[in-house]
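First up is the structure itself, then whatever we jot down about it.
The values are calculated or read from the model by the stated rules, or taken from the named source; none is laboratory data. Here the structure is a predicted model, which means the values were calculated and not measured. Cβ coordinates were reconstructed from backbone atoms using ideal geometry, including for glycine residues, and neighbour counts include every protein chain displayed. Keep in mind that these areas ignore ligands, DNA and RNA; they rest on the heavy atoms of the full protein, side chains included. Shrake-Rupley method; radii C 1.70, N 1.55, O 1.52, S 1.80 Å.
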Amino acid sequence: VNVSATDANGETSNGTLKFNITSAPVAAAATIATEIWPTTATIYGNILKEGATAPTLVYRAKGAAAWTTATTTTTGTKLTAALSGLTPGTTYEYAAQSGEYTSAIMAFTTEAAQQLVNGGFEGWTTAKAPYLMYAEGQEMWWDSGNHGSATMSKNITTPDGDVKVEGNYSAKLASQFLGVGAIGKFAAGNAFVGKYIATEGTDGVLGWGRSFGSRPKALRGYIKYAPGTIQYIGDGAPSSIAKGDPDTGIIYIALLTNHTETYSSNNGSGTYPVIVKTKKSERQLFDKNASNVIAYGEKIFAEATAGNGMVEFEIPLTYFKSDVKVSNIMIVCSASRYGDFFTGGVSTMWIDDFRLVY
């Protein structure tokens, strides 16, 4: 029944009153989109008749013949079941059962288990400076500070065929001073998901993040880290840092909403989830507590990794919001943690075989 109500001020509101005329004891209810993950989901149902026999929820992959009975919680007349061990990117059917009765079937599709582009760092363009982190004809997904260092005829992020886990290359991120004598600037070896937008003087403007639609549990990969001591301290660096302290590396990952920012100048322009500016007077850095951050995880490397090869690491993601769909992903790797402040030493980080865990 459609209902329309108008008050004395002429304001009108419309609504629909539904009557469920049925002899069914139970019924399936709609899922909530943000509760459908790659390998887990929550399904619902309702008890329609008092005294319904053993009400429960059942599910199956679409096309399967047999139902699986879910562990079902009853709260008043509401049925709830948390499913796990599901297959990403798969459509499932579910229904409510009571005795011999099975309700009308409803369906949901799990999130895809999206992976990183060029996560093995195999694609490179090295014919001229700056070196780019994708091969000709491939999608540009990663970038680095090579665009800035190339003004000094240097690439701080390069492919390395000697230190690797599999394939032909790892990415070698080498922090170093760029210049002659005292004239120049310290640059941290880095790699990030996004694009280097512009060089303003001796400072960079970066666009961080790429379109992404899945919710992983963690980032896993391989690293070799050889830290130096801090030799260079730039403006704005934390006061607790002193020359001679051990340098530290960092890798962090964030999942973001559909919020974007735009930068435009004569040197370059772009729209990205996060705009980073390193110039002291305009400094704008990433804030893991910002309102557009859905999930975040980081790992700080405070000492050299063991042995001569690469070691595996895993960074779990902490979700701050579970009721928002992911629109973008951001990953940043730096051989010198405070490279945003042009602070660090001669440190080198090799990274390889990045993948998301679901």
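Taking square-rooted eigenvalues a ≥ b ≥ c of the alpha carbon gyration tensor, is the stretch 219-341 rounded, prolate or oblate, where a/c under 1.5 means rounded and, failing that, a/b exceeding b/c means prolate?
oblate
Which one, His147, Asn118, Pro88, is farthest towards the positive end of the dipole of the stretch 66-174 when Lys and Arg carry +1 and Asp and Glu -1 on their Cβ?
Checking the options against the dipole of the stretch 66-174, the answer is His147.
What lysines sit close enough to Lys18 to cross-link, taking a C-alpha to C-alpha distance under 26 Å and skipping anything fewer than 8 places away on the same chain?
Lys49, Lys78
Mind checking the per residue accessible area of the stretch 179-316 for me, 1.4 Å probe, whole number of Å²?
On a per-residue basis, 46 Å².
Compute, for Thr72, the solvent-accessible surface of its heavy atoms (probe 1.4 Å) with the complete set of protein chains present, and express it in square angstrom to the nearest 10.
40 Å²
Taking all protein chains in place and a 1.4 Å probe, what share, in percent, of the accessible surface of the stretch 34-75 do carbon and sulfur account for?
49 percent
So if I place +1 on the C-beta of Lys and Arg and -1 on the C-beta of Asp and Glu, and nothing else carries charge, what would the dipole magnitude of the stretch 157-302 be about its Cα centre? I want it in debye, nearest 20.
The dipole of the stretch 157-302 has a size of about 300 debye.
Report Rg (one decimal) and Dmax (nearest whole number) for the chain, counting Cα atoms only, units Å.
26.5, 87
Could you list which residues have their amide H under 5 Å from that of Glu261, counting only those 5 or more apart in sequence or on another chain, with H placed in the peptide plane?
Tyr272, Val274
Considering only protein heavy atoms and a 1.4 Å probe, what is the carbon-and-sulfur percentage of the accessible area of the stretch 251-336?
42 percent
What is the percent carbon and sulfur in the accessible area of the stretch 98-212, measuring with a 1.4 Å probe over the protein chains and ignoring ligands?
Percent of accessible area from carbon and sulfur atoms in the stretch 98-212: 50.
Can you sort Glu261, Glu282, Glu93 by solvent-accessible area, 1.4 Å probe, largest first?
Descending order: Glu282, Glu261, Glu93.
Expressed in whole Å with the largest first, what are the equivalent ellipsoid semi-axes of the stretch 103-214 derived from the C-alpha gyration tensor as the square root of 5 times each eigenvalue?
35, 17, 11
Over the stretch 1-121, average the accessible area per residue using a 1.4 Å probe and give it in Å², no decimals.
Dividing the accessible area of the stretch 1-121 by its residue count gives 57 Å².
Run down the lysines and flag those whose C-alpha is under 22 Å from the C-alpha of Lys195, throwing out any fewer than 8 positions away in its chain.
Excluding near neighbours in sequence, the set is Lys128, Lys154, Lys172, Lys185, Lys277, Lys279, Lys280, Lys288.
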